[in-house]
Amino acid sequence: MSPRTVPWFLSLNGPDNVGKTTHLARIADHRPGLQLLGSIHQHDPEPWNEAAQGDYATWWFEKVSTRELTGMMLASHVMRAAARRQGSVGLLDRGLPMLLAAAAATSAIKDNLTSEQALAGVEALAAESALAAEPEAAILLLPARDGARSYAITSVREGRVWTGVYIRYQYILHEVLSLQAAQGTYAAVIDCEGRGVDEVHVRVLTHAARILPSLFLRTGADS
């Protein structure tokens, strides 16, 4: 990203239970130039509620095609982006890179592909859709650099046992996110292992201040 380019969106990305929603809520406080937009499901609930009526896992990992799932995510992302107030920076809970990562991890499972193949396929679908992606600065939060450690940390935080295909999905998702990070997709990657919430938050603010200095004048552990 050019230092002269001010993004319209700032997103926090990462696997389940890494703290995306918590940190977004905290950085939105006391900053009128930021608009908390949340997740795609909040802005386009109908198709996602319909999908969740039955066995959601079966629908997600078996029934819906990769093309359809990616298309749903992109359409919902467009609706969310349209809710941004002019002149504000929208805060996204899972930005466009994370949506593509989730679609790719799902595709790797259902289409029997490697993580690299699945990510390339989903990126091709996004390009084919002619989505005019708005300027977004994406920050990636990783529970740990190692996939097994990442899964161990986030599964404990879930409060219930993950079973079946969802376990494999979490491992593959970590692989896809790591691939994206290596490709330079994210403006910053934060390794959260061994760090408390406040310490991670300071790091989030530090990177946000670099990206949006006019809105983040302080980098301390504020509320």
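Check whether at least one residue in segment 96-105 is surrounded by fewer than 17 Cβ atoms within 10 Å (Cβ to Cβ) and touching a helix residue (DSSP H, G or I) at 6+ places or on another chain (Cβ under 7 Å), and report yes or no. No, because not a single residue in segment 96-105 is surrounded by fewer than 17 Cβ atoms within 10 Å (Cβ to Cβ) and touching a helix residue (DSSP H, G or I) at 6+ places or on another chain (Cβ under 7 Å). Number of residues in segment 192-214 that are buried (at least 16 other Cβ atoms within 10 Å of the Cβ) and either part of a loop (DSSP other than H, G, I, E, B) or in contact (Cβ under 8 Å) with a residue 40 or more places away in the chain (or both) equals 9. Does R168 meet the test of being open to solvent by 20 Å² or more (accessible area, probe 1.4 Å), out of contact with any helix residue (DSSP H, G or I) (no Cβ under 7 Å at 6 or more places or on another chain) and among the charged types (D, E, K, R)? No; evaluated as a whole, the condition is false for this residue. Selection within segment 130-156: residues that are farther than 24 Å from L37 by Cα, open to solvent by 60 Å² or more (accessible area, probe 1.4 Å) and touching a residue at least 24 places away in the same chain (Cβ under 8 Å). The member of this set that is nearest to the chain's Cα centre (by Cα) is R145.
If you go through segment 39-48 and keep only what is within 20 Å of the chain's Cα centre (by Cα) and in a helix (DSSP H, G or I), you end up with I40, H41, Q42, H43, P45, P47, W48.
Residue by residue, here is whether (1) in contact with a Phe, Trp or Tyr (Cβ under 7 Å, 6 or more places away or on another chain); (2) within 21 Å of L141 (Cβ to Cβ); (3) not acidic (D, E) holds:
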site: W48; (1), (2), (3): no, no, yes
site: E62; (1), (2), (3): no, no, no
site: A75; (1), (2), (3): no, no, yes
site: V78; (1), (2), (3): no, no, yes
site: R84; (1), (2), (3): yes, no, yes
site: G90; (1), (2), (3): yes, yes, yes
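Restricting attention to segment 17-37 and to residues that are among the basic types (K, R) and either assigned to a helix (DSSP H, G or I) or farther than 15 Å from V89 by Cβ (or both), the residue that is most open to solvent (accessible area, probe 1.4 Å) turns out to be R26.
Among the residues of segment 170-188, none qualifies, meaning not one is modelled with pLDDT under 95, part of a loop (DSSP other than H, G, I, E, B) and touching a Leu at 6+ places or on another chain (Cβ under 7 Å).
The values are calculated or read from the model by the stated rules, or taken from the named source; none is laboratory data. Note that the structure is a prediction, hence the values are computed from the model and not measured. Note that each Cβ is placed from the backbone with ideal geometry, even for glycine, and that neighbours are counted across all protein chains shown. SASA here: full protein model, heavy atoms, side chains in, ligands and nucleic acids out. Shrake-Rupley method; radii C 1.70, N 1.55, O 1.52, S 1.80 Å.
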